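Everything below concerns the one structure shown next.
Derivation of every value follows stated rules applied to the coordinates shown; laboratory data play no part. The shown structure was predicted, so the numbers you read here are calculated from the model rather than taken from an experiment. Neighbour counts run over all protein chains shown; Cβ positions are idealised from the backbone, glycine included.
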Ligand code: FES
């Protein structure tokens, strides 16, 4: 991994004996930093998303201290800095709207400062892609450290999973099978330690992507946040980042096309979140790696889901760690010719070096390819006149009997319309219908909220039905499940065909054929699209306006168009 060293950025700030050098060192010394720290050693930025408003990352001050220990041990100079944090459960309208903003914060914080290498502390869903994207545009030596999942939830003797059981319990309350007091009693039982969601939701998926891309240390994905070995991992990341700076191994040396292919296949094998599709497409765009939505379908098609974790299965991340964690999955992929073994890892060596000896300790949690948990992992990418740019569905979370379905559309014009009418006894809907939700794409509901798995009508739930085909331009929480078509592109607010679906239209879904079809004539579709008018309501100011004016569609990752690719000089000019 060693190569010719390029000039260290931090010496441009700290290495001068003139007025500028005085400026740069003197004010730093007010923190009690001794002079020898400015002697040209690697300066390591620790990019921290700690916030009490991001409960999943609330333990990150401890992790940052552990990273610092490792950096000091190796003769580096650690400097921690904050960036905007994204707490999935509290932020409105949705954290996804702010992913790109945080990536800008990260990029500019790194570029503007005397940093030679960076450790990204990531956890709650969007903090991972936001920090990876921002760092990618700077392309310094980088390691991501995930905060780790919470311990398993426990309620009345049963394991309960973050998010997944909220959907389940909510449906039970609406079907009259659980009372509100019981529902509220479950709150503290679900979230009983530090860490992020412990289902294979978006946070755990992205932590797995970090490890699969090689940009996190081996075992990064699954060590529980409360396990002392999470602190050890942070400590070791501090040691490794100094070595990466000294060897001048940049982020783009690690996250190559092979690394993306490994991550996509891993996502299939773990039954990972659909949100990873958007995030990895956006990250590839920052790094200049060719990656398309269709790559997700092609690469994931032959991958079975072998990890039995909620929301698709029954176990949780703690169980996954004890069963051997992600290295077992990587080994299984490698042994079936589905892992680019030579892809590098920031841990040193290749991904194969880190998984060739992996052992599984519980085959009920991590199955084999020969006896998979579900035969179909991966992400199905659908095309047709209803989704010219593509739409996606997660087969492992869907109902097999609905994978080929033709049904009458029941259309909700936006999320408010859905909320107002879904439980109306007069709503003309039954289990065979296809629920269609518009106005929830990147522009339509800025940030593209996770409402694609819209709850079923109470009257259908009361019949014991637990799934229906649902189609929208929204996203879905990684902790959710169902036969749910998501990310329909172009979105309805951009004049995609979804915008002109009407009540009573027939829709055909055929996952095997990768087809999503609105059964009206081409002429009728063209005529409806010609008379479509955009919503007059527009964002008038601030970041929301910037976002809506510039966000790309879901099929290319929802980055802001002007952020794609890296930019700027490695060392900006100074202005003193
Ligand atoms: Fe933070 Fe799920 S709410 S990871």
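Remarks
- Cα centroid of the stretch 262-331 to Cα centroid of the stretch 71-108, whole Å: 23 Å
- For the stretch 227-344: rounded, prolate or oblate by the Cα gyration tensor [a/c cutoff 1.5]: oblate
- Beta bridges per DSSP with both ends in the stretch 402-554, % antiparallel, nearest 5: 45 percent
- Distance histogram in 5 Å bins (all Cα pairs of the stretch 380-438, percent per bin): 4, 14, 19, 25, 20, 13, 4, 0
- The angle between the Cα long axis of helix 164-174 and the main principal axis of the chain comes to about 30°, on a 0 to 90 degree scale.
- Tail fraction, Cα-Cα pairs, the stretch 1-130, threshold 27 Å, whole percent: 28 percent
- For the stretch 154-260, Kirkwood radius (reciprocal of mean inverse C-alpha pair distance, Å): 16.5 Å
- Radius of gyration and Dmax over the Cα atoms of the chain, both given in Å: 23.9, 79
- Of the residues 155, 320, 412, the one with the fewest other Cβ atoms within 10 Å heads the list, and the complete ranking is 155, 412, 320.
- Figure legend: label point modelled 7 angstrom from the Cα of residue 513 along Cα→Cβ; residues of the stretch 361-401 with amide N under 20 Å from it are 380-395, 399-401.
- The stretch 470-533 - percent relative contact order, Cα under 8 Å, separation 6 or more: 23 percent
- Rg(Cα) / (2.2 N^0.38 Å) computed for the stretch 99-149, rounded to two decimals: 1.04
- Centre-to-centre separation between the Cα atoms of the stretch 494-558 and those of the stretch 26-68: 45 Å.
- Inter-label distance, nm, simple model (7 Å from Cα along the C-beta direction), residue 561/residue 298: 2.6 nm
- Nitroxide proxy distance, nm - points 7 Å out along Cα→Cβ at residue 171 and residue 7: 6.1 nm
- Gained length - residue 52 relative to residue 357, 0.36 nm times residue gap less alpha-carbon distance: 105.9 nm
- The slack between residue 404 and residue 113, meaning 0.36 nm per residue of separation minus the straight C-alpha distance, is 99.4 nm.
- Relative contact order of the chain, pairs being alpha-carbon contacts under 8 Å that are 6 or more residues apart, as %: 14 percent
- Largest-first principal axis extents of the Cα set of the stretch 442-481 (Å): 36, 19, 13
- Residue 458-residue 187 FRET efficiency (beta carbon distance; Förster radius 30 Å; 0.05 resolution): 0.85
- Spherically averaged projected area of the convex hull of Cα atoms, the stretch 117-190: 6.2 nm².
- The stretch 268-397 shape via C-alpha gyration tensor axes, a/c threshold 1.5: oblate
- Of all DSSP beta bridges in the chain, antiparallel share, percent nearest 5: 45 percent
- Added length on full extension, which subtracts the Cα-Cα distance from 0.36 nm per residue, residue 465 to residue 84: 133.0 nm
- The chain: angle of helix 202-213 to the longest principal axis, Cα-based, in degrees nearest 10: 50 degrees
- 15 Å reach of a label modelled at residue 33, 7 Å along Cα-to-Cβ, counting backbone N of the stretch 63-92: 68-69, 71-72, 75-82
- Label-point gap, in nm, between residue 154 and residue 16 - each point 7 angstrom along Cα→Cβ: 6.0 nm
- With respect to the chain, whose longest principal axis is taken over its alpha-carbon atoms, helix 95-112 is tilted by about 20°.
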